[in-house]
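The values are calculated or read from the model by the stated rules, or taken from the named source; none is laboratory data. Nothing here was measured: the structure is a model prediction, and the numbers come from that model. Using ideal geometry, Cβ is built from the backbone for each residue, glycine included, and neighbour counts are taken over all protein chains shown.
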């Protein structure tokens with residue numbers, strides 16, 4: 001992303017704090033006590049909260065653009081300073097996913113999806129969404145929702161037990177679903193009220209909250225139209241945000257400056273997201289610092305450190321670190337006995353010296369493989385489809401240090417069946433901006449860009465706030481999409 005020189009200076013401090021927070025983005029699968037303690041210190045989280053946090057980042061790692069991350073962090077801090085949580089050390093992380101969303105989960109972290117950034121059209125709109133999410137945390141909506149769910153389930157089970165009829169419990173849960181919808185809608189409206197107050201306090205135009213909600217609603221309508229699924233976003237039912245009385249009242253109550261005098265930041269925002277990937281990011285199909293290997297024929301994939309070498313030798317993959325002091329081999333064979341569990345199979349292969357046996361994915365109920373250790377070796381056995389994969393990690397002088405063993409285990413635990421997202425592509429779509437030329441329409445822009453998506457025109461309309469119809473005036477800055485070839 002290309003930002004102005006003045007902004008580069010403004011972001012220096014933010015980049016330094018961001019570098020600290022990025023310590024937590026690496027895939028964390030096997031933790032020693034020392035590693036766990038370090039993670040607790042860097043994240044400020046423990047137990048289940050830390051586990052959920054790491055799972056979120058493992059599912060979709062941060063987007064690789066320090067300036068964009070810093071820009072989002074700076075906006076988040078402006079909003080945070082106006083909130084009841086101003087004293088808390090919040091972190092703001094842009095995740096590399098095309099999903100249009102931002103969320104919190106009861107911790108001082110706000111996750112902003114890349115897809116949301118491509119949808120919005122001003123800094124104030126982004127600030128509004130982030131203010132909304134901080135509002136959820138301030139109101140403790142996540143904690144209250146969990147408590148409500150636990151209470152309703154308990155009451156349903158208790159009623160079924162006392163009456164001796166499961167139908168009573170089912171009726172209670174049905175009523176609970178109705179009240180849950182009402183609670184979620186009230187929570188969204190309460191978060192909007194917080195958002196309007198924080199926006200105004202930070203000097204942004206509060207009315208941009210409505211713009212952001214309208215963009216989100218239009219995107220949800222388009223998604224529902226193209227997928228055939230019912231629209232569900234923000235609890236606004238069929239009403240348009242501009243016609244929602246309670247949202248309008250929240251904005252009027254929060255306003256400090258006369259209407260139209262708050263900061264919007266369209267030019268700033270254009271500069272920040274220019275070149276941002278739109279849709280699936282085939283450049284980033286591996287976590288930071290890792291490379292992904294996928295084999296569509298076998299239907300398997302795994303990641304390994306980007307500094308390691310990769311070689312195919314017959315039915316064997318050989319991975320070596322840069323110093324050539326650690327090596328992992330992965331060898332395939334048809335599964336000889338599919339009735340055996342992975343633990344039984346690895347014990348059969350290594351009848352002696354096998355210790356520290358664990359499931360490859362401890363949190364899964366499925367048998368996805370077993371990892372263990374032998375003298376001077378890290379070993380594992382994973383069965384996918386009709387094949388068995390044998391992993392063997394060794395080190396120079398038969399001495400595996402903690403870092404090498406961590407790398408071995410990370411490779412093993414990243415190994416899994418492929419999904420469509422793991423497949424590679426020659427191009428990605430990127431966002432860019434141009435002023436509209438006389439005679440240009442959204443239809444002509446979609447065709448001229450060579451976009452193969454049948455909904456390209458509608459997507460361009462949503463991205464620019466002209467859904468479902470209407471045309472922009474010549475000279476208007478328009479968000480466009482282009483196909484960019486992926487460099488090897």
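In this structure, residue 346 does satisfy being surrounded by 20 or more Cβ atoms within 10 Å (Cβ to Cβ) and either more than 31 Å from the chain's Cα centre (by Cα) or in a loop (DSSP other than H, G, I, E, B) (or both).
Let's see how each residue does on (1) farther than 26 Å from residue 461 by Cα; (2) in contact with a strand residue (DSSP E or B) (Cβ under 8 Å, 6 or more places away or on another chain):
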position: 51; (1), (2): yes, no
position: 69; (1), (2): yes, yes
position: 73; (1), (2): yes, yes
position: 86; (1), (2): yes, no
position: 101; (1), (2): no, yes
position: 109; (1), (2): yes, yes
position: 120; (1), (2): no, no
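Looking at the structure I just gave you, is residue 429 buried (at least 18 other Cβ atoms within 10 Å of the Cβ) and more than 19 Å from residue 286 (Cβ to Cβ)? Judged against the criteria, residue 429 is a match. Within segment 194-213, residues that are at positive phi and surrounded by fewer than 21 Cβ atoms within 10 Å (Cβ to Cβ) sit with their Cβ atoms under 9 Å from residues that are at pLDDT below 95 and assigned to a loop (DSSP other than H, G, I, E, B), at 6+ positions apart or across chains, in these pairs: 203/256; 203/257; 203/262. Within segment 78-97, the presence of at least one residue that is closer than 19 Å to residue 276 by Cα, under 9 Å from the mean Cα position of the chain (by Cα), part of a loop (DSSP other than H, G, I, E, B) and touching a residue at least 24 places away in the same chain (Cβ under 8 Å) is confirmed. In the set 41, 67, only one residue is crowded, with 16+ Cβ neighbours inside 10 Å and at pLDDT 50 or above; that residue is 67.
Restricting segment 352-397 to residues that are in contact with a strand residue (DSSP E or B) (Cβ under 9 Å, 6 or more places away or on another chain), on the phi > 0 side of the Ramachandran plot and not in a strand (DSSP E or B), the residue that is surrounded by the most Cβ atoms within 10 Å (Cβ to Cβ) is 369. Of the residues making up segment 58-70, one or more are farther than 25 Å from residue 213 by Cα, in contact with a helix residue (DSSP H, G or I) (Cβ under 8 Å, 6 or more places away or on another chain) and in a helix (DSSP H, G or I).
Just one of the listed residues (444, 414) is out of contact with any strand residue (DSSP E or B) (no Cβ under 9 Å at 6 or more places or on another chain), on the phi < 0 side of the Ramachandran plot and at pLDDT below 95, and it is 444. Selection of segment 329-343 for residues being in a loop (DSSP other than H, G, I, E, B) and in contact (Cβ under 8 Å) with a residue 12 or more places away in the chain yields 335, 336, 338, 341. None of 270, 266, 246 is at pLDDT 90 or above, in contact with a helix residue (DSSP H, G or I) (Cβ under 8 Å, 6 or more places away or on another chain) and farther than 22 Å from residue 455 by Cβ except 266. In segment 309-328, the qualifying residues are those that are in contact (Cβ under 8 Å) with a residue 40 or more places away in the chain and at negative phi, and the one that is farthest from the chain's Cα centre (by Cα) is 325.
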